[in-house]
Each structure stands twice: as structure tokens, then as C-alpha cells.
Amino acid sequence: MGLTEESYFHAVVETVLYGIDPKMFELFHFGSMAAVDTEQELDSRVFMRDIADREGHIEVLEARLDRYEEWTSSLVVNSEILKSLEARDLPVFIVNDALYQGFAGAEDLVSAIRSAKGEEILKSRGQ
């Protein structure tokens, strides 16, 4: 992700558009790549709204952007949590102080939870 406000917003736009409709993400992503290739300036905000309007999702986009500041502030909080856990990949799961990061298999997580619950049951029975 870039360091400027515009490049940060550009990355957020791609995420928001993908969440609404992957086709909108594709239009934005490849359109912005074409702009870079031809050395044209691109205003992410205007281009995003044009795509949403074209695809009939302008109301959905506006609703998502109404919560933009709340959403991006949660990204900052999550980044701080990751740093404190010394984790590098999302998602992160903690089961009885064991850290699972990245896309751990469901079987691994279920096994870890069952193991943790089993240990708690044994401890509560004094075993």
C-alpha cells in the first residue's frame, strides 16, 4: 500500500468495490492500471463513483463511504494489535495463548479448540 493519502484511498476503494461487486473492482483496478500506463492522472474518488453509477450501485457505495473513517480507524487498531502480537498474517486466532495466523485449516483450529476445552474439563475435574 502506498504512503500517500491518495494511494491509501486508492487501495481502500479497491477493497470497498470488491465487497460490493467483484466486477466493479475489476473495472476500477484495470482502469487505474491503464491510466498509469498512459501516464494520465486519475482521481480515485471520481473514478470510483463513475463505476458505481455505471453498475447501478451508487447508493451502496455511498452507504459504505459514510462509514469510511470508522472503517479505516479499525484498520489502524487492527494493525496495532498485530504488532503487539508480533503477527504477520491475517486472520489471527488465539486459542489458550497459542497464536494461529494466516489461513489455518478449519481442522487445525477445531482441534486446537477441542484440545483447549478438554484441558479445561480435565482441570475442573481435578485430573
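At a glance:
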| quantity | calculated |
| --- | --- |
| Those helices (runs of 4 or more DSSP H) lying entirely in the range 1-83 with at least 1 residues within 15 Å of the chain's Cα centre (by Cα), at pLDDT below 75 and not polar (S, T, N, Q) | 5-20 |
| Subset of the range 31-68 (residues that are free of Cβ contacts under 8 Å to residues at least 40 places away in the same chain and either touching a strand residue (DSSP E or B) at 6+ places or on another chain (Cβ under 9 Å) or hydrophobic (A, V, I, L, M, F, W, C) (or both)) | Met33, Ala34, Ala35, Val36, Leu42, Val46, Phe47, Met48, Ile51, Ala52, Ile58, Ala63 |
| Verdict on Val92 being more than 16 Å from the chain's Cα centre (by Cα), surrounded by 10 or more Cβ atoms within 10 Å (Cβ to Cβ) and at pLDDT 75 or above | no |
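The values are calculated or read from the model by the stated rules, or taken from the named source; none is laboratory data. Keep in mind it's a predicted model, so treat the numbers as computed, not measured. Ideal geometry is used to build each Cβ from the backbone, glycine not excepted, and the neighbour counts take in all protein chains shown.
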